[in-house]
Amino acid sequence: MMGSRSLIGANVALSAPDGRIFQFRVAAMVPYAGEEYAVLEEEKQDGQLLVTHVEWEDEVTPVFVVAEEEDIISTVLEKHVAQTIAKAMAQIPDQDEE
């Protein structure tokens, strides 16, 4: 199976029930409750975030299933925000080092 982390930055096309296609980019992979979730960011409009559960059709084809459970969505988004803040903070030099 392809590594989930290697999906970060990948472009993903999701189809709505009415047939419309939406373009997303994998912004982050977030583990939660023993499962792997992808936070997708819409490539146009307001950059809407979408939480999806990553399932594997075969060894190399990921399938992104939209999460519908509020607790999963909120927890995964909270973890994503925490990861984003931690990465940003790691890039800021300490004031004491000057």
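The values are calculated or read from the model by the stated rules, or taken from the named source; none is laboratory data. As the structure is a prediction and not an experimental result, all values here were calculated from the model. Neighbour counts run over all protein chains shown; Cβ positions are idealised from the backbone, glycine included. Accessible surface areas use protein heavy atoms only, side chains included; no ligands, DNA or RNA. Shrake-Rupley method; radii C 1.70, N 1.55, O 1.52, S 1.80 Å.
Per-residue answers, yes or no, for (1) open to solvent by 60 Å² or more (accessible area, probe 1.4 Å); (2) under 21 Å from ALA10 (Cβ atoms); (3) in contact with a strand residue (DSSP E or B) (Cβ under 7 Å, 6 or more places away or on another chain); (4) in contact (Cβ under 8 Å) with a residue 60 or more places away in the chain:
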position	(1), (2), (3), (4)
ALA33	yes, no, no, no
GLU59	yes, yes, no, no
ILE72	no, no, yes, no
VAL76	no, yes, yes, no
ALA82	no, no, no, no
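The set of residues in segment 50-98 being within 16 Å of GLU35 (Cα to Cα) and hydroxyl-bearing (Ser, Thr, Tyr) consists of THR52, SER74, THR75.
Residues in segment 66-77: is at least one at negative phi, of a type in the set (A, V, I, L, M, F, W, C) and in a strand (DSSP E or B)? First the steps, then the outcome.
Step one: of segment 66-77, the residues at negative phi are 66-77.
Still in the list and also of a type in the set (A, V, I, L, M, F, W, C): 66-67, 72-73, 76-77.
Narrowing further to those that are in a strand (DSSP E or B): 66.
There is at least one residue in segment 66-77 that is at negative phi, of a type in the set (A, V, I, L, M, F, W, C) and in a strand (DSSP E or B).
Take the residues of segment 18-34 that are over 13 Å from the mean Cα position of the chain (by Cα) and among the charged types (D, E, K, R): which is farthest from SER6 (Cα to Cα)? Can you show your working first?
Filtering segment 18-34 for residues over 13 Å from the mean Cα position of the chain (by Cα) gives 18-23, 33-34.
Then keep just the ones that are among the charged types (D, E, K, R); that gives 18, 20.
Details: ASP18: 30, ARG20: 27 Å.
Checking each candidate, the answer is ASP18.
For the residues ALA38, ALA28, ALA13, the requirement of being assigned to a strand (DSSP E or B) and open to solvent by 60 Å² or more (accessible area, probe 1.4 Å) singles out ALA13.
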